[in-house]
1. I need the full set of residues from the stretch 52-81 which are within 15 Å of the chain's Cα centre (by Cα) and either over 14 Å from Arg165 (Cβ atoms) or not β-branched (Val, Ile, Thr) (or both), in order please.
2. I'd like the full set of residues that are over 16 Å from Ile91 (Cα atoms) and in a helix (DSSP H, G or I), limited to the stretch 129-174.
3. For the stretch 211-218, indicate whether the set of residues that are farther than 20 Å from Pro121 by Cα and either acidic (Asp, Glu) or assigned to a helix (DSSP H, G or I) (or both) is non-empty.
4. Name the residue that is surrounded by the fewest Cβ atoms within 10 Å (Cβ to Cβ), counting only residues in the stretch 185-212 that are within 16 Å of Thr75 (Cα to Cα) and under 22 Å from the mean Cα position of the chain (by Cα).
5. Could you please give the count of residues in the stretch 185-209 that are outside any loop (DSSP other than H, G, I, E, B) and not aliphatic (A, V, I, L, M)?
6. Name the one entry in Thr167, Thr151, Thr172 that is of a type outside the set (Asp, Glu), open to solvent by 40 Å² or more (accessible area, probe 1.4 Å) and in contact (Cβ under 8 Å) with a residue 12 or more places away in the chain.
7. What is the number of the single condition among (1) surrounded by 24 or more Cβ atoms within 10 Å (Cβ to Cβ); (2) over 17 Å from Phe177 (Cα atoms) that Arg97 does not meet?
8. Working only within the stretch 29-48, note down all residues that are at pLDDT 90 or above and more than 24 Å from the chain's Cα centre (by Cα).
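The values are calculated or read from the model by the stated rules, or taken from the named source; none is laboratory data. Fair warning: this is a prediction, and the values are worked out from it, not measured in the lab. A quick note on method: Cβ atoms are made from the backbone with ideal geometry, for glycine too, and the neighbour counts reach across all protein chains shown. In case anyone asks, the SASA skips ligands and DNA or RNA and just uses the protein heavy atoms, side chains included. Shrake-Rupley method; radii C 1.70, N 1.55, O 1.52, S 1.80 Å.
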Amino acid sequence: MPDEQLPSRVVDAEHRGWMLSNDGGLGGPLGYRDASDYQAQRLLTPGELAEQCGPLRPVVPPTEADVAELRRAWTVAGRKAAYTTAVAVQIAFGRLREGNGGLAAPHSYEVTRRQLAAGRPGSWEAVRLFELQLWANKNKESRYDAAAAATIATVLQRWVSSPDRYTEVAETLTGLFATFADEQGGWPAVADQWLQQGALDHEGVLLTYSLLYSTGAEFDPAMLS
């Protein structure tokens, strides 16, 4: 494949992310480095990477159908959208872990973390995404829309499980949610009273607002203090 057609990021069969780089500076040969350990890994040519770690999936934007599905779920959820999304991440993580062997598989937790973060491993958004799914409480059923959460979880699973493509989760979800929130009137329109400034659940406010609305037009750092 010509260099100009190489995807900038790919995910391998073990759910590890790789980023396109060059060896020797400008004009050097292009290849891939482990995106989670850039400094330590040698450069692999596309052929070497495919042979050693394939099949490879390019990291690509979400499909229009997936975006539309998310927006419909958030519309149905209304002011429960933020909490519903947090629960959806937890549901997706649980489903993916079961697919990786569940509790009976010693490494299923770490494999699932890799699978969800392979698009940009180590990003602050990915770190916050895992914190969000640990915080979400599915027992608080009055605070989320169960059907919408299941729909969102299915989309997230599809992003990281499709055989021929991979969509980065944390940053993509953040951008889509913040855009939707702004169209609805901002954070108060998509988050319940327990996720607003001054609410007693400070951790919940911090986790949901700082991730899901970080690119929002009216993002206010004071919400995080």
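1. Of everything in the stretch 52-81, those that are within 15 Å of the chain's Cα centre (by Cα) and either over 14 Å from Arg165 (Cβ atoms) or not β-branched (Val, Ile, Thr) (or both) turn out to be Pro61, Pro62, Asp66, Val67, Leu70.
2. Ser142, Glu171, Thr172, Thr174
3. So in the stretch 211-218, the residues farther than 20 Å from Pro121 by Cα come out as 213, 216-218.
Right, trim to either acidic (Asp, Glu) or assigned to a helix (DSSP H, G or I) (or both) and you get 218.
Yes, the stretch 211-218 contains at least one residue that is farther than 20 Å from Pro121 by Cα and either acidic (Asp, Glu) or assigned to a helix (DSSP H, G or I) (or both).
4. Among residues in the stretch 185-212 that are within 16 Å of Thr75 (Cα to Cα) and under 22 Å from the mean Cα position of the chain (by Cα), the one surrounded by the fewest Cβ atoms within 10 Å (Cβ to Cβ) is Gly186.
5. Going through the stretch 185-209 one residue at a time, the tally reaches 9.
6. On inspection, the qualifying residue turns out to be Thr151.
7. Unmet for Arg97, out of (1) surrounded by 24 or more Cβ atoms within 10 Å (Cβ to Cβ); (2) over 17 Å from Phe177 (Cα atoms): (1).
8. Gly31, Leu44, Thr45, Pro46, Gly47, Glu48
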